[in-house]
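Please treat every number below as a calculation from the coordinates, not as lab data. As the structure is a computational prediction, the values presented were derived from the model and not from experiment. Positions of Cβ are generated from backbone atoms using ideal geometry, with glycine treated the same way; all protein chains shown enter the neighbour counts.
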Amino acid sequence: MSVRFDHVSKRFGDVEALVDFTLDVADGEFMVLLGPSGCGKTTALRILAGLEEPTAGAVTIAGRDVTDLPPRQRDVAMVFQNYALYPHMSVYDNIAFGLRMRRIPRREIDRTVREAAATLAIADVLARKPGALSGGQRQRVALARAMVRRPRAFLMDEPLSNLDAKLRAQTRVELIRLHRQLQTTVVYVTHDQVEAMTMGHRIAVLERGRLQQVGEPREIYERPANLFVAEFIGSPSMSFFRGPLRQTDGGGAVVDVPHLPFALDPAQAAAARGAGWAEVVVGVRPEHIVLAEDFGERYAAATFEADIDVVESLGNELHVSLISQGRGMVARLPAGAPVAAGEARRFAVARGHLLLFEPEHGTRLG
Amino acid sequence: MSEETMAGRRVGSPRARAIRQTVAAAPFLLPSLVLFAVFVFYPLVRSIWLGFHATDPFGRNEVWVGTAQYHDVLTSSDFRHSLLVSGQFALYTVIPATAIGLYLALLSHRRLPGIVIFRTIFSSTVATSVAVSSVVWLLMLNPSVGVLNYVLGKGGVPTESWLTSPTWALPAVAMTTVWMNIGFATIVILAGLQNIPEELYESARVDGAGRWSEFLHVTLPGLSPTLLFVSVVGVIFAFESFGQIQILTQGGPLDATNVIVYSIYREAFLHYNIGLASAQAVVLFVIVLLLTLLQFGVARRWVFYQ
Ligand SMILES: Nc1ncnc2c1ncn2[C@@H]1O[C@H](COP(=O)(O)OP(=O)(O)O)[C@@H](O)[C@H]1O
Ligand SMILES: [Mg+2]
């Protein structure tokens, strides 16, 4: 079912956990709330579940205002970060709990529980207590418990954060598969951009209680709405350079970063002129910094000399920390690129990939 | 790690390590050990010893009499009566005190402004001595000037001379004891409540549980170790009660409140029958021990420890 946050705000004393938050989640959509710790993601989810009352605004589920309904009348299922399994109940009873609360007939409960347990490969631990399970198994029990309810929406609060890296990657794929199978609306909270990018149909990026941008993963990555999103999304992070905007002959424009002038495309130059900005912040993704020798100068927005500080090899690619004129930046190069720490090399920034931001408010041009 | 590798690293055998740790722990344990030895272990051993000996009224001139006194105790109808009274007394005190403590703890567990005041009030009886509360209750239960009869009279309920009625004396003493134990029960249960993660309640609420289901499926199982503890201690308190009996009824009327400890006291200090009193005390010790073991046996099956 569709879910809507309608100008929701939440204060805890002096803390503004959520400010005028408006978000529409379509029926069947996998929506990810992404942001750094403390940005209000959990608060938003708890308000949706009915565990927290908003200070202002309304929440609707399937078109119905549920702001004043208690959790049990909202028909949503929640997967908690620490799973919140009932420690004294067997896995079976944990999964069955929500169904029993809803007075579903016994035989139907049994069938549903076993079905879910089979889907999540926990059929062999149904008799155990949660204390006797591994982290991954507990996580599945929490998922199964949510799944059997056939709720209007799944709410998940960093459900993978307690798993080790390998299990996390596995479970991510399983969650995607599970969602495809169930087609239930999901609101998924995480601070992990990989989870957000791989799982979300759309991502809502939050910072300090404020919604920064909503969009498909690609859109967020390629056209971040502002400096915060640009810096937060992508690993390694974008590099930023600030300088005055200067017009050149022939209608072009240059961002005159000292020792590192960036030539703008004609369209971008026109837009920048139109916006009337005096100074500009240029954002460059690591994959758009390349070795100059591999690259035709005329495809470059800038070329520069840099010292190679650290080379991190990930096997399939290199993350290379550079220092140029006292400024640090990171390049992502293919494995086997001829670079070594301590060397000085010439690098180029690929044309057509520059992102321009207004320095004060951080809004992106275009 | 195998013993070989440890030997190779000169860590010493596990046994040597255990000895070293014990030696290191000894100075820290010593003060408690001394206190226990003087006030618990020695009297216990001495009581068992005296149980096998007849003595003069000052506990001297011990004469070995074997198990005769234990036999007397176990076959005496007076002792059986005291045992029954103690059992009833435990029943009348433990269940109400635990239930009321649970109720008050649940009431004052919520996060409300000023709730600390109520927590303090509910727990306050723990800071009141048995003697003081007994004297207060003695006044309140007084048939002619006591507040209880006054209130009952106003309500049109027949009044009673509580402490001198063979029917009502034990319930009346039990009631005062419940009052004394409520504070302890409330404090311990409040502490138990704090140990139940808030997330479990939230999860249950999202899963469709109402207040009653939350209580039944989250609170009660989460509190089971605490409730067991409170009731075990309550039973032990009940079997060891003395002060309130001494002040309120002196075991009367017609032995209606002659609980085991009071009967031991009478045997030892009114009848100067030290050996017999010791034998009773040892039997009481064994009974309390068995009850405790029984309750922990029950616990293994029903109580959930996280
Ligand atoms: N119950 C609460 N009382 C006071 N402050 C809270 C409470 N819950 C959350 N906050 C504050 O609100 C902000 C947002 O918290 P939260 O939603 O948990 O962030 P996130 O889940 O994104 O890490 C934080 O500054 C946090 O300290
Ligand atoms: Mg959170």
One quarter of the convex hull surface, Cα atoms only: what value does that give for chain A in nm²? 21.9
I want the local charge near A:R242. Using Cβ-Cβ distances under 12 Å, sum +1 for each Lys or Arg and -1 for each Asp or Glu among the other residues. -3
Take chain B, connect every pair of alpha-carbon atoms lying under 10 Å apart with a spring to form a Gaussian network, then pick out the residue of B:A16, B:A68, B:A127 with the largest mean-square fluctuation. B:A16
Using θ = phi - 60° and Karplus 6.51 cos²θ - 1.76 cosθ + 1.60, couplings along the stretch A:83-94 (whole Hz; Gly, Pro as x): 6, 6, 6, 6, x, 8, 9, 5, 4, 4, 5, 4
Looks like the stretch B:71-299, by Cα gyration tensor root eigenvalues a ≥ b ≥ c and the a/c under 1.5 rounded cutoff (else prolate when a/b is bigger than b/c, oblate otherwise), is oblate
Karplus-derived 3J(HN,Hα), 6.51/-1.76/1.60, for each residue of the stretch A:45-57, Hz, glycine and proline x: 5, 5, 5, 5, 6, x, 7, 9, 9, x, 6, 8, x
Per residue of the stretch A:264-272, what does 6.51 cos²θ - 1.76 cosθ + 1.60 with θ = phi - 60° give for ³J(HN,Hα)? Whole Hz please, x for Gly and Pro, Karplus curve as stated. 8, 5, x, 5, 5, 4, 5, 5, 5
Restricted to Cα positions, what overall size does the protein assembly as shown have along the principal axes? Three whole-Å values, descending. 123, 76, 50
Could you work out the relative contact order of the stretch A:233-366? I mean the mean sequence separation of Cα pairs under 8 Å and 6+ apart, divided by the number of residues, in percent. 27
For A:R332, what charge total do you get from the other residues with a beta carbon under 13 Å from its beta carbon, if Lys and Arg give +1 and Asp and Glu give -1? -2
Take every Cα pair under 8 Å in chain A that's 6+ residues apart, average their separations, divide by the length, and report that relative contact order as a whole percent. 15
Around B:A277, under 11 Å between beta carbons, what's the net of Lys plus Arg minus Asp minus Glu among the other residues? 0
So what are the three principal axis dimensions of the stretch A:239-357 from its Cα atoms, in whole Å, longest to shortest? 44, 25, 20
